Amino acid sequence: MEIFLQYLIAGITNGATYALVALGLTLLVGVARLVNFAHGDFFMLGGYLLVFLFVDKEIPYLLSIVITLIVMLILGLLFERIVVHPTINKTWREQLVATLATSIILSNVAILFWGTTPRLAPTKLSLTILRLGPITISSHRFVVFFVAVISFIALSFFTKNTKIGKAMRAASQNRDACLIYGINVNFVSLVTVTISTMMSGLAGVIITPLYNVSPTVGSVMTLKALTSVVMGGLGNTTGAIISAFILGIVEALFSGYVSSQYQDVASFVIMILILVFRPHGMFGKKVGI
Amino acid sequence: MPLLKVCGLTKKFYGITAVNNVSFAVNTGEIVGLIGPNGSGKTTLFNCITRMLIADQGRVLFNGEDISNFKPAQIAQKGLARSFHFIRVFIDLTVRENILVAAQHHQQDNDLEQIFRTKNSRLLDQEILIKADKIINFIGLQGLTNEKAGNLSYGQRKLLSFSMAIIFHPKLVLLDEPAAAVNPTMIKRIGEYIRTLNQQGITFIIVEHNMEFIMGLADRIIALDQGSIIADGLPRDVQHDYRVQEAYFGV
Amino acid sequence: MKAIKENKYSIFLIIGVLLLVSILPLLVNLPFVLHVLISTLMYIGFALSYDIVTGQIGAVSLAHASFFGLGAYVTALIGKAIGAPFWLNIIIATILSIGLAIVMSLPAFRLSDLSFSFATLGLALTVQLVVKNWVKITRGPMCIHNVSNSSLWFNGILEISRTNLIAYFYLFLMVDIVIIILYRLISTGRLGRTLTAVRNDEVLASSVGINIQRYKRLTFFISAGIAGAIGSLWAPYISVVCPDYLSMDYTLNLLAIVFIGGSGSLLGVVGGSILLTVWPELLRVTPAFRLIIYGLFLLIFVTSIPNGVKGIISNVNKRLKIN
């Protein structure tokens, strides 16, 4: 039982991280109709930037986070202008290659700067172990959960109560109608992509004190986020969050009870099953071919 | 035995019934017009017959054979061709290649023969090439034989997709608005083609909004409204049917 | 991504150039030059096999490195166990790669477009994880070293070994010519038209009687088989086989070659392979730096220059003709 709870807590932490990444991807899929292959690489960059600033340059923890998020904001803006905007009206093939190219660039830039060794950014909190009866928990896990929940609430408030947030929701329902009603789709796209990028980066920032970040983690993370998005149903943010937690917990249990080496395989299998048996939520055309 | 028999076909989208328990039969040699206001389920009906959409209920018999569980490609190979409302052509292929590719899947040689260009395969190549050039002349696109289909005008694409539907000598052709957004001369030409082909034994079901065109062409009219058949009979009778009038004009 | 109309004679042009190149080793017998030539030839065949599925039928597979890696591992393991002649290695590697492709196609080809690409990525990462962690057989990250190079060619008349680079060069040259002819046979004629039709519009293709699944499978299996054969030849040449062989990096290299050169075009893919293999070898850049450059070029081409380098060349040709 204790072991089960231990795994469950690890699963919830994973789930919170996946949920943050998946949430950004849902926004992007909903508003810009773009499946971003580089989404997980922003997660990876967030993690590395924290390691670089906080561990290597010894900049205070909170300041490191702020700087990282500012860098993610700038990257998000650049990504929208350079990649998303020019391919928005092209076929899925061009979009795939363009975002894949971005993923190649980001992950290899990370290799050039920081090498291929996995890195960790341990903080005071992550090293403080709490004992709840037989269970031991790193205090940082609460931070992860807390930050994730705050982000969900903030995002939900943003999309429901601000003008640009409402425009985002409108655009995710009907892009063409937005053009007709004079909503500035360009600006909406810019804001959406930037928020999406920052959320992915934030997820990297909050998990790196607990788990290693490595340059190749990006595409794995993209796949996991995508699995959550498809599982939850297109554009359904609540669905994506719940699916991300399910995925995180299933993975943790699989890793604990079956095999930790094949932990990722579990999520790939889930992804393929979801894609095969519930594909219509996302990419599937409803034709009987 | 009717050529096509549709029994109780029903298709719902998220609770909206697009096609509601539709049954009808079409005999060999007929030209049947399918009319109805926008959203009455004509295109959905076509899609269900050709299995581009999977119907919720009902069966489709073609030539006495139940095709309800066939794949679209199998249905085409049985001799049931169709054209699309939004004109589709293969944009990277030339006009001639478009017609060839539409014809070639009704030939009896395997992929290996095709890859290694066996004698049999080359003879078949010649055969369809002659057929394709014939039909290009028939529809009057001979000047554009080697032009990419992606560069054609809307009307030219329409003629091309029309000829792609008839090239493999189908028994039955479903045409989705062949006269829409086409100039009057072209409409006349399309009507003539349909009549010529009909005399050669091809049966047609035609969805059309152009009443003058379809009433002059069809032997029989089926009218749909909100997914159900509201009239089925001679063009004259259907035109004056009060339910059809009501569906169109809300009288 | 539109394919470009292929010049009827491009195959003769390419084979002619390859035959000209074949004199090169007799003139410059430097190991480094030969290595660059062999790498280029390897990538020509590898990229053409990738383009059969990605450029011709338009299913962007991200699992192509799996087949290459499988071919390499199979050859290395057979070499350690019994030491079969190279042609037997190739046959076994090809069959096993097609077997893997069949297994992958079961879920993957129930999906279309983007979902297919994602599923193949998931499958490729799974295969790589298995190879990395199945240490008993594959030695995992420790790699398999000294891959048998005792393969005999023509009953010992000519021995192919790491030291006999010229023999390797001609071996790859012959393999490339076979692949080029096969590529040409598949991408033209009736089969070629069918593949283009499926790439352009799956719904219309099925309405004229094309069995889409069948052609997707056919191209996927052929391309997997070729990739496995190339992996089988590459392993004894490089003499080390690592889990990296199955990594996304190889697939991304191919993606860059195909889309920068011009997908669906023989000249484009061959040109892309030469362009993207020669300079990194000459400048001896790190793989990471090379991939960054590829990524940048991919981005530029996809967002602003359709049809790749081949497209630029044919546009220039058109303008010259008009003026």
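The values are calculated or read from the model by the stated rules, or taken from the named source; none is laboratory data. What you see is a predicted model, and the numbers here were worked out from it, not measured in a lab. Reconstructed Cβ throughout: ideal geometry from the backbone, glycine too, with neighbour counts over all protein chains shown. Surface accessibility is based on the protein's heavy atoms, side chains included, excluding ligands, DNA and RNA. Shrake-Rupley method; radii C 1.70, N 1.55, O 1.52, S 1.80 Å.
See the values below:
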| quantity | calculated |
| --- | --- |
| Degrees between helix B:154-166 axis and first principal axis of chain B (Cα, 0 to 90, nearest 10) | 80 degrees |
| Charge-dipole axis of chain A as Lys and Arg at +1 and Asp and Glu at -1 on Cβ define it, positive-most pick from A:Ala19, A:Leu63, A:Ala252 | A:Ala19 |
| Residue with peak Gaussian network fluctuation, chain C [Cα springs, cutoff 10 Å], from C:Gly268, C:Gly16, C:Gly99 | C:Gly16 |
| Cα gyration tensor, the protein assembly as shown - rounded (a/c under 1.5), prolate or oblate | oblate |
| Net length gained if the chain between B:Ile16 and B:Met1 were fully extended (0.36 nm per residue, minus Cα distance) | 2.1 nm |
| Euclidean distance of C-alpha centroids, segment B:82-123 and segment A:77-111, integer Å | 36 Å |
| Net charge dipole size for segment B:90-151 [Lys, Arg +1 and Asp, Glu -1 on Cβ; Debye, nearest 20] | 160 debye |
| Segment C:27-246: relative contact order in percent, alpha carbon pairs under 8 Å with at least 6 residues between | 44 percent |
| Simple Cβ-charge dipole of the protein assembly as shown, Lys/Arg +1 and Asp/Glu -1, about Cα centre, in debye nearest 20 | 380 debye |
| Long-range amide H partners of B:Ser228 with built H, under 5 Å | B:Asn20 |
| Area of C:Arg199 that stays accessible when all protein chains are in place (1.4 Å probe, Å², to 10) | 20 Å² |
| Calculated [θ] (222 nm, deg cm²/dmol) that DSSP helices of n ≥ 4 give over chain B, each run adding -39,500 (n - 2.57) | -11500 deg cm²/dmol |
| Segment B:90-151, relative contact order in percent, only Cα pairs under 8 angstrom and at least six apart counted | 64 percent |
| Top of C:Leu165, C:Leu255, C:Leu185 by mean-square fluctuation, Gaussian network on chain C, Cα under 10 Å | C:Leu185 |
| Shielding by partners - mean other protein chain Cβ count within 10 Å, residues of B:112-119 | 3 |
| For C:128-138, mean number of other protein chain Cβ atoms within 10 Å | 2 |
| Nearest-ten-degree value, helix A:217-232 long axis tilted from longest Cα axis of chain A | 60 degrees |
| Listed residues B:Phe84, B:Phe204, B:Phe70, most fluctuating in chain B (Gaussian network, C-alpha, under 10 Å) | B:Phe70 |
| DSSP loop chymotrypsin sites (Phe, Trp or Tyr not before Pro) with at most 11 other Cβ within 10 Å: longest gap in chain C | C:155-323 |
| Anchor B:Lys171: aspartates and glutamates whose Cα lies under 16 Å away (excluding residues fewer than 8 positions away in-chain) | B:Glu30, B:Glu65, B:Asp66 |
| Label-point separation in nm, B:Phe138 to A:Asn184, each point 7 Å along Cα→Cβ | 5.7 nm |
| Simple label model, 7 Å out from Cα along Cβ direction - A:Arg169 to A:Leu130, nm | 3.3 nm |
| Accessible area, probe 1.4 Å, largest first, for residues B:Asp92, C:Asp249 | C:Asp249, B:Asp92 |
| Simple Cβ-charge dipole of chain B, Lys/Arg +1 and Asp/Glu -1, about Cα centre, in debye nearest 20 | 300 debye |
| Helix A:2-32 axis, angle to chain A major axis (alpha carbon atoms, nearest 10°) | 20 degrees |
| Considering only the protein assembly as shown, percent of DSSP beta bridges that pair antiparallel, nearest 5 | 65 percent |
| Cα gyration tensor, segment C:175-323 - rounded (a/c under 1.5), prolate or oblate | oblate |
| Euclidean distance of C-alpha centroids, segment C:257-276 and segment B:177-242, integer Å | 50 Å |
| Peptide B:70-77, shielding by other chains (average Cβ, 10 Å cutoff) | 6 |
| Computed over chain B: relative contact order in percent, which uses C-alpha pairs under 8 Å that are six or more apart | 28 percent |
| MRE, 222 nm, helices only [DSSP H, n ≥ 4, -39500 (n - 2.57), over chain A, to nearest 500] | -23500 deg cm²/dmol |
| At R0 = 25 Å, FRET efficiency that the Cβ-Cβ distance of C:Ile137 and C:Ile82 yields, to 0.05 | 0.95 |
